[in-house]
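To keep things clear, I will list the structure first and then write my remarks on it.
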Amino acid sequence: MAQLKISKIIVTLLMGLLSLVFLSPLLWMLSAASKIEKDVMKFPVQWIPTDWNLINNFQTVWYGKVPFGHYYMNSIKIALITTALTLVFSSMAGFSFAKMKFRYKNIVFFMLLTFFMIPAESTLVPRYVLIKWLGLYNTHAALIVMTAFSIPLTFLMRQFMLGINQEFIEAGKIDGAGLFRIYWQIVLPMAKPILATAGILKFMWSWNDYQNPLIFLVDSKLYTVPLGIQSFQGMYSTSYAAIMMAAVSAILPLLLVFIILQKQVIKGIAVGGVKG
């Protein structure tokens, strides 16, 4: 037992050191965002600033010439709406492929996965033509419509729902529940772990999306955070401390979403491990 405890302690320490290696870029970014400009590139690195400039850097980002707060709200709006729609559509599709019976179900699912193999860059021109035809060009609706459905998240939903015991579905049918009620009141509550995981992934993808806003948005008032950081970097190209503060501000929503939903994600991993 003593040897086992010692080995666990050693493994824990090694994993802690390894995590610090992976976190070092983030820690450096946080440190640089709090420094005065001349201390950012000092070597060896001063992890704890001697001269703090956190408030001034914050004011430069949020109250400076670039309307970073406006870009922030644009990204939050698009990411939340897109994530909500994706969870609804992908969970419905996953439920259909996992628990419903209809002709050519496997063929349709195979075709769906085949479409996922097509690079997004190869569909830019058709999507551009479609968005122009719909009259959605240079609107947030264009970004939402294009990304409201996710094939990989549909695949995740389907794989998770396949593990839900069919007896729950049959019990719902015996009680007179229709397909939508079974989906809404039986399957979705049991699928909270995968919904949380899919929500984090989709929110992250939408928040970090650079290509679609760059192509489908022209008005600077509609810009999202990735485009806003590009504008900010162009204006403050020599102010690395302010740029690092903008980068820190950009990743905060992702950290908050993960912290809020991490219990469900860990539960999903644990359930998946038990099933495996």
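Run down Ser75, Ser24 and say which single residue is among the small types (Gly, Ala, Ser) and at pLDDT below 85. Before you say what the answer is, go through the steps one by one.
On the way: Ser75 fails: at pLDDT below 85.
Just a single option satisfies the conditions, and that option is Ser24.
Return the only residue of Ile174, Ile200, Ile182 being under 24 Å from the mean Cα position of the chain (by Cα) and not polar (S, T, N, Q).
On the way: Ile174 fails: under 24 Å from the mean Cα position of the chain (by Cα); Ile182 fails: under 24 Å from the mean Cα position of the chain (by Cα).
Within the list Ile174, Ile200, Ile182, the selection yields Ile200.
Sort out which residues of the stretch 62-92 are within 15 Å of Pro253 (Cβ to Cβ), open to solvent by less than 60 Å² (accessible area, probe 1.4 Å) and touching a residue at least 12 places away in the same chain (Cβ under 8 Å), and write them in order of number.
Within the stretch 62-92, Phe68, Tyr71, Tyr72, Asn74, Ser75, Ile76, Ile78, Ala79, Thr82, Thr83 qualify.
Condition check: closer than 17 Å to Met157 by Cα and assigned by TED's automatic domain parsing to the domain that holds Gly228. Does Leu80 satisfy that?
no
Looking at the stretch 176-194, can you tell me whether even one residue there is among the small types (Gly, Ala, Ser) and assigned to a helix (DSSP H, G or I)? Show your work before the answer.
Applying the first criterion (among the small types (Gly, Ala, Ser)) to the stretch 176-194 yields 176-178, 191.
Applying the additional criterion that residues be assigned to a helix (DSSP H, G or I) yields none.
No; the residues of the stretch 176-194 include none that is among the small types (Gly, Ala, Ser) and assigned to a helix (DSSP H, G or I).
Hey, does the stretch 94-101 have a residue that's farther than 27 Å from Val225 by Cβ and within 20 Å of the chain's Cα centre (by Cα)? Steps first, please.
Filtering the stretch 94-101 for residues farther than 27 Å from Val225 by Cβ gives 94-101.
If we keep only those that are within 20 Å of the chain's Cα centre (by Cα) too, we end up with 94.
Scanning the stretch 94-101 turns up at least one residue that is farther than 27 Å from Val225 by Cβ and within 20 Å of the chain's Cα centre (by Cα).
Can you pull out every residue in the stretch 37-48 that is open to solvent by 10 Å² or more (accessible area, probe 1.4 Å), in contact (Cβ under 8 Å) with a residue 12 or more places away in the chain and out of contact with any Phe, Trp or Tyr (no Cβ under 8 Å at 6 or more places or on another chain)? I'd like the intermediate steps shown before the answer.
At the first step, the residues of the stretch 37-48 found to be open to solvent by 10 Å² or more (accessible area, probe 1.4 Å) are 37-38, 41-48.
Within this subset, residues satisfying the condition of being in contact (Cβ under 8 Å) with a residue 12 or more places away in the chain are 37, 41, 45-48.
If the condition is that a residue be open to solvent by 10 Å² or more (accessible area, probe 1.4 Å), in contact (Cβ under 8 Å) with a residue 12 or more places away in the chain and out of contact with any Phe, Trp or Tyr (no Cβ under 8 Å at 6 or more places or on another chain), then Gln46, Ile48 are the ones that fit.
Return a yes/no flag: does the stretch 185-204 have any residue that is of a type in the set (Ser, Thr, Tyr) and open to solvent by less than 30 Å² (accessible area, probe 1.4 Å).
Quick first cut of the stretch 185-204, residues of a type in the set (Ser, Thr, Tyr) only: 197.
Subset that is open to solvent by less than 30 Å² (accessible area, probe 1.4 Å): none.
Looking through the stretch 185-204, none of the residues is of a type in the set (Ser, Thr, Tyr) and open to solvent by less than 30 Å² (accessible area, probe 1.4 Å).
Return yes or no: is Ile131 closer than 30 Å to Ile186 by Cα and modelled with pLDDT of 90 or more? Quick ask: steps written out before the conclusion?
Numbers: closer than 30 Å to Ile186 by Cα: no; modelled with pLDDT of 90 or more: yes.
In short, no.
Kindly indicate whether any position in the stretch 166-173 is crowded, with 19+ Cβ neighbours inside 10 Å and closer than 20 Å to Leu124 by Cα. Reasoning before the result, please.
If we filter the stretch 166-173 for residues that are crowded, with 19+ Cβ neighbours inside 10 Å, which is where we start, we get 169.
Adding the requirement that they be closer than 20 Å to Leu124 by Cα leaves none.
Looking through the stretch 166-173, none of the residues is crowded, with 19+ Cβ neighbours inside 10 Å and closer than 20 Å to Leu124 by Cα.
Report every pair of residues separated by at least 6 positions or lying on different chains whose Cβ atoms are under 9 Å apart, first residue within the stretch 246-265 and within 15 Å of Phe232 (Cβ to Cβ) and buried (at least 18 other Cβ atoms within 10 Å of the Cβ), second of a type in the set (Val, Ile, Thr) and at pLDDT below 80.
Every condition considered, the pairs that remain are Ala246/Val66.
Could you give me the residue pairs with C-beta distances under 6 Å whose first residue belongs to the stretch 187-212 and is assigned by TED's automatic domain parsing to the domain that holds Phe149, whose second residue is of a type in the set (Phe, Trp, Tyr) and modelled with pLDDT of 90 or more wherever it lies, and which are 6+ apart or on separate chains?
Close Cβ pairs satisfying both conditions: Val187/Phe95.
Applying the selection to the stretch 122-155, what residues are touching a residue at least 12 places away in the same chain (Cβ under 8 Å) and open to solvent by 60 Å² or more (accessible area, probe 1.4 Å)?
Passing the criteria: Tyr128, Tyr137, Val145, Phe149, Phe155.
Can you report the number of residues in the stretch 197-250 which are hydroxyl-bearing (Ser, Thr, Tyr) and in a helix (DSSP H, G or I)?
Here is the first cut: in the stretch 197-250, the ones hydroxyl-bearing (Ser, Thr, Tyr) are 197, 206, 210, 220, 223-224, 231, 236-240, 249.
Filter once more, keeping what is in a helix (DSSP H, G or I): 197, 206, 220, 231, 240, 249.
Going through the stretch 197-250 one residue at a time, the tally reaches 6.
Consider Gln59 against the criteria (1) open to solvent by 60 Å² or more (accessible area, probe 1.4 Å); (2) under 18 Å from Phe232 (Cα atoms); (3) in the same structural domain as Ile200 (by TED's automatic domain parsing): it satisfies all of them except one. Which criterion is unmet?
(3)
Please go through (1) in a helix (DSSP H, G or I); (2) within 28 Å of Tyr223 (Cα to Cα); (3) open to solvent by less than 50 Å² (accessible area, probe 1.4 Å) for Ala98 and return the number of the only condition it doesn't satisfy.
(2)
If the requirement is being exposed (fewer than 15 other Cβ atoms within 10 Å of the Cβ) and in contact with a Pro (Cβ under 8 Å, 6 or more places away or on another chain), which of these qualifies: Tyr210, Tyr223?
On the way: Tyr223 fails: exposed (fewer than 15 other Cβ atoms within 10 Å of the Cβ).
Of the residues listed, the single one that is exposed (fewer than 15 other Cβ atoms within 10 Å of the Cβ) and in contact with a Pro (Cβ under 8 Å, 6 or more places away or on another chain) is Tyr210.
The values are calculated or read from the model by the stated rules, or taken from the named source; none is laboratory data. No experiment lies behind these values; they were computed from the predicted model shown. Here Cβ is always computed from backbone atoms with ideal geometry, including for glycine, and neighbour counts include all displayed protein chains. Keep in mind that these areas ignore ligands, DNA and RNA; they rest on the heavy atoms of the full protein, side chains included. Shrake-Rupley method; radii C 1.70, N 1.55, O 1.52, S 1.80 Å.
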